[in-house]
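Every number here is computed from the coordinates shown, using simple stated rules; none is lab data. None of the values given here were measured: they were computed from a predicted structure. FYI the Cβ positions are ideal-geometry reconstructions off the backbone, even for glycines, and counts take in every protein chain you see.
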Amino acid sequence: MSPSLAVDLAGLRLANPLVLASGIWGCAAETLVRAARAGAGAVTSKSCSVAPRTGHPNPTVLPWAGGLINAVGLANPGAAEERLILQEAHKSLIPLGVSLIASIFGSTPDDYAEAAELVAGAQPEILEVNISCPNVASEFGLPFALEPDAAAAVTRAVRAAYAGRVFIKLSPNAVNIVEVAAAAAEAGADGFTAVNTLGPGMLIDITARRPILSNRVGGVSGAALRPIALRCIHDVTRAIGLPVIGTGGVDSGEAAIQMIMAGASAVGVGSALLGEGDAVFSRLQREMLTIMQHEGIASLEEIRGCAHAG
Amino acid sequence: MLDNIYQVMRVTERIPEGKCGATLVLDGELPCQAGQFVMVWLPGVEERPFTLVNDTPVTLTVAAIGPLTRALAGLEVGARVWLRGPYGHGFPPPGRRLLVLGGGSGIASLALLARRALAEGAEVRTYIGARTTDLLMLPWYPHWSTLTLTTDDGSQGIHGNVLQAAAEQFAWADGIYACGPEPMLAALARSRRSDWPPCWINLERVMRCGIGVCGSCHCGSHLVCADGPVFNLEQVTAELLAPPH
């Protein structure tokens, strides 16, 4: 019997564990649906806030030797407009059997709750609460994800405003990510996306003698992030019995299997769309199946969290 | 492992375009397909996509509209420019009879195509349009076989737009190549007839990454940076004709 890539994510059945990560392609219904058709098991929209935002000026996204660095600055059309985008996407995603994850952010717990209420009408399967963007500190201060009480406050506010599944997006920068996750779990989270980009980091152009990003700093993603993401997912899932979408530098079937072994229920894919586009989803599925056949793994559930042992 | 994100080049020649634009010839090379683009950065100003008017040496044409284009258009010989790319997909190899339609600065993305086609012995009939004389770009470019200018206000050339002026040429051409403001491309899509030769258009969008990641340049389900910027007109007709959100 051939192995199965199907997974359960907080009671949702995904045909495969690959999830289009937030901030990648997710500005429009059409591109979310395209990623779904290309083989994503779920797709995540770009984070939206109550008020529209133009984001930072360019340069905002740059490829470098270890992956990407970005400081888009949470550009979005506002949650009311985003709801229309999500509704349009959802209509096409339902017949494909692909789940929709709506990402929100805010500047205060109440702000998050309002954004949650605004996108609720689109009935996403999961609401992802982005409390961990590292490139807006000059405007919003340090992310809520760095501190357990702050993470819990946002989670409580969203939980009170939104009846569906709430996933909290964790930061690899937290001093103790397990304490943050535990506080969010206690406050009513149904799961986590782990992790957001790392940093912020900086790139310097030696001829210009200055940072390249207009925001000077930005979140680091791609290959450089993967070992850190694996550790975060491992620690969170070992301590807390909630599902995790493991995200950070996954660019191969092997890396996706590593995420599952670390304890992830599903696997986010973002920076890997660079160069390859949405073909990455079918390639990663093929590579995962090859590994499963070679290693005698019938289902991903069989290996989920196996790295916790020992 | 070097990051090598940008190549730095210096301006070797500045050719004024109309009242406030410019064509900048740089001292470097970036071999590309005609229609591909580069992300151009001026530190402290901004970064935006620009088509390559030539790749050897790199040549850019800018219409001074925003902070970056105004800064670029004002650069003196010797000034430095930072570029990454080339990115995207350019035009397929052209045939022997090219009809080239450029609106405003859009003509810049058709210049390298024309230059190479002319060098191969093809005929290139070019129509360049703008709202008024001051905004006509690349009329001096030596690689058009024949050139017709149009202005919306009649201040130079034919009074009207390039689609009206070129109407008789659609049956002559074996390929139509267009770039310009979206209403011009939408009008092209609306008037498209089944007996026309293939139509290729170069779409312009605000881009952040330029490399198919962020999604901000999408046109329907297409990413202009990675799937384009050159599209067959049929690929994007629905999007061009869709009412704005």
Exercise. Once phi is turned into θ = phi - 60°, what whole-Hz ³J(HN,Hα) does the Karplus curve with 6.51, -1.76 and 1.60 give for every residue of the stretch B:154-159, x standing for Gly and Pro?
Worked result: x, 6, 7, x, 6, 7
For this session: Would you mind getting me the FRET efficiency between A:CYS306 and A:ALA65? Use the beta-carbon distance for r and R0 = 41 Å, nearest 0.05.
Result: 0.80
Exercise. Cα gyration tensor of chain A, axes a ≥ b ≥ c as square roots of the eigenvalues: rounded (a/c below 1.5), prolate (a/b > b/c) or oblate?
Worked result: rounded
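Roughly how big is the protein assembly as shown's charge dipole about its Cα centre, with Cβ charges of +1 (Lys, Arg) and -1 (Asp, Glu), in debye to the nearest 20? If you can, show how the numbers build up before the last one.
Values: 38 positive and 49 negative charges, 119 e Å.
With only Lys, Arg, Asp and Glu charged at Cβ, the dipole is about 580 debye.
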Seminar exercise, completed: The alpha-carbon center of the stretch B:154-180 and that of the stretch B:210-227 are separated, in whole Å, by 29 Å
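Run lengths n ≥ 4 of DSSP H only: what is the helix-derived mean residue ellipticity at 222 nm for the protein assembly as shown, with -39500 (n - 2.57) per run over all residues, to the nearest 500?
On the way: 14 runs with 147 residues, N = 555.
Per the formula, -8000 deg cm²/dmol.
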Exercise. Within the stretch B:78-118, whose backbone N sits under 17 Å from a point 7 Å along Cα→Cβ of B:ASN232?
Worked result: B:89-95
For this session: Compute the separation of the alpha-carbon centres of the stretch A:46-103 and the stretch B:5-22 and state it in Å as a whole number.
Result: 34 Å
Problem set entry | Length-normalised contact order for chain B - Cα pairs under 8 Å, 6+ apart - percent | 18 percent
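Note down the magnitude of the dipole of the stretch B:97-241 about its Cα centre, charges +1 on Lys and Arg C-beta and -1 on Asp and Glu C-beta and zero elsewhere, to the nearest 20 debye. Each step should come with its number before you reach the end.
Working: 10 positive and 13 negative charges, 31 e Å.
My answer is approximately 140 debye.
Suppose the chain between A:GLN123 and A:GLU179 were pulled fully straight at 0.36 nm per residue; how much longer would it get relative to their current alpha carbon spacing?
Numbers: separation 56, 0.36 × 56 = 20.16 nm, distance 2.99 nm.
Taking A:GLN123 through A:GLU179 to full extension adds about 17.2 nm, to one decimal.
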For this session: Answer rounded, prolate or oblate for the stretch B:7-87, using the Cα gyration tensor with square roots of eigenvalues a ≥ b ≥ c: rounded when a/c is under 1.5, else prolate when a/b is larger than b/c, else oblate.
Result: rounded
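Suppose R0 equals 56 Å. What FRET efficiency, 1/(1 + (r/R0)^6) with r the Cβ-Cβ distance, do B:THR56 and A:SER299 give to the nearest 0.05?
Details: r = 55 Å, r/R0 = 0.99.
Taking R0 as 56 Å, the efficiency between B:THR56 and A:SER299 is 0.50.
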Exercise. If contacts are Cα pairs under 8 angstrom and at least 6 residues apart, what is the relative contact order of the stretch A:42-148 in percent?
Worked result: 30 percent
Problem set entry | For the stretch A:152-209 versus the stretch A:254-296, the gap between their alpha-carbon centres in whole angstrom | 23 Å
Problem set entry | Relative packing of B:201-213, B:54-66, which averages over residues the other C-beta atoms within 10 Å, highest first | B:201-213, B:54-66
Problem set entry | Average other protein chain Cβ within 10 Å of Cβ, residues B:205-211 | 6
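First check a/c for the stretch B:31-172, with a ≥ b ≥ c the square roots of the eigenvalues of its C-alpha gyration tensor; if it is under 1.5, answer rounded, and if not, answer prolate when a/b is larger than b/c or oblate otherwise.
Taking the square roots of the gyration eigenvalues as a ≥ b ≥ c, the stretch B:31-172 is oblate.
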Exercise. Can you give me the relative contact order of chain A as a percent, contacts being Cα pairs under 8 Å and 6 or more apart?
Worked result: 19 percent
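Only Lys, Arg, Asp and Glu count, each charged at its Cβ (+1, +1, -1, -1), so figure out the dipole size of chain A about its Cα centre, rounded to 20 debye.
Details: 20 positive and 27 negative charges, 95 e Å.
My answer is approximately 460 debye.
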Exercise. Modelled label-to-label distance, A:ARG209 and A:LEU96, 7 Å Cα→beta-carbon offset: nm?
Worked result: 4.9 nm
Exercise. Taking the simple approach of a point 7 Å from Cα along Cα-to-Cβ for both B:ARG96 and B:GLU168, what is their distance in nm?
Worked result: 2.2 nm
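Working out 0.36 nm times the residue gap between B:ARG192 and B:SER155, then minus their Cα-Cα distance, what length gain in nm do you get to one decimal?
On the way: separation 37, 0.36 × 37 = 13.32 nm, distance 2.82 nm.
10.5 nm is the gain from fully extending B:ARG192 to B:SER155.
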